[in-house]
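The values are calculated or read from the model by the stated rules, or taken from the named source; none is laboratory data. The structure presented is a predicted model; accordingly, all values stated were derived computationally and were not measured. Please note: Cβ atoms are built from the backbone with ideal geometry, for glycine as well, and neighbour counts cover all protein chains shown. These area figures cover heavy atoms from the full protein model, side chains too; ligands, DNA and RNA do not enter into them. Shrake-Rupley method; radii C 1.70, N 1.55, O 1.52, S 1.80 Å.
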Amino acid sequence: MFGTNELVGKKWFANAPENKLFVTSLFFTLQGEGPFAGKPAVFIRLAKCNLTCSFCDTFFDDGDWLTFEEIESRVYSTICDYWNNQGKAAPTWAINGFNSYPGVVLVLTGGEPLLQDNISPFMQRQLAHYGAVQVESNGILDTIVPEGVTLVCSPKCSEKNGVAIKYLAPSKTILQRADCLKFVMSAKQDSPYSSIPDWAFEWKKNNPDKEIYVSPM
């Protein structure tokens, strides 16, 4: 965390086991930002990242290789445990039978979740089971994001000695596919994170029905 994580590329996952994802953590909470802010959400945090942002406050350097079925089982247990700890049964909007969560958003994050190619079939598999499926990416990598999945592109900056220099433009494929952009904002006026890059406004102009969100660093 704090920019000290191991920087890896897709080659790190070249020999990934079939139908498995490298998962750091899984938890049930409220989504705090972006298009589903305020919605109950299951977060699956995938391990590893292709950037080392100095302000990063999240651990994702290690985890467990889990099959799709193991992840689904842990999701079910996690939501049930949340309500059991309050002495209640999970309501039908949260659980309508195993692997059926009509009122819950599945959020896939990281690290950089699109490092793992196995995420594409996993997302496709989950679309029928949640009210919505969201994946958040820094946008640099070209990985197939199935139709129906909400792709939140959260661009980041290149850095030198822990100082942000300029925004890394997302790949054309991801930028075209993105359902929205989300920027972390800094109060430091000399930081590129204090403003939104011009290309983002051009993207909004070409996609008037899509949104740009911001959140504090």
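Some values worked out for this structure:
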quantity: Given LYS156/LYS204; LYS20/LYS156; LYS10/LYS156; LYS11/LYS166, the pairs whose alpha carbons are separated by over 20 Å; calculated: LYS20/LYS156; LYS11/LYS166
quantity: Accessible area in square angstrom per residue, the chain, 1.4 angstrom probe; calculated: 50 Å²
quantity: For GLN134, net neighbour charge (Lys/Arg +1, Asp/Glu -1) across residues whose Cβ lies under 10 Å away; calculated: -1
quantity: Added length on full extension, which subtracts the Cα-Cα distance from 0.36 nm per residue, ALA14 to VAL163; calculated: 50.5 nm
quantity: The range 26-111 - percent of accessible surface contributed by carbon and sulfur, probe 1.4 Å; calculated: 48 percent
quantity: Cut-off of 10 Å, at most 12 other beta carbons, DSSP loop: longest stretch of the chain lacking such GluC sites (Glu not before Pro); calculated: 19-146
quantity: Once exposed loop trypsin sites (Lys or Arg not before Pro) are cut out (DSSP; at most 12 other Cβ, 10 Å), longest piece of the chain; calculated: 89-187
quantity: Net charge over other residues, Cβ less than 15 angstrom from the Cβ of ASP117 (K, R count +1; D, E count -1); calculated: +2
quantity: Between the range 115-179 and the range 55-73, the Cα center-to-center distance that results, in Å; calculated: 17 Å
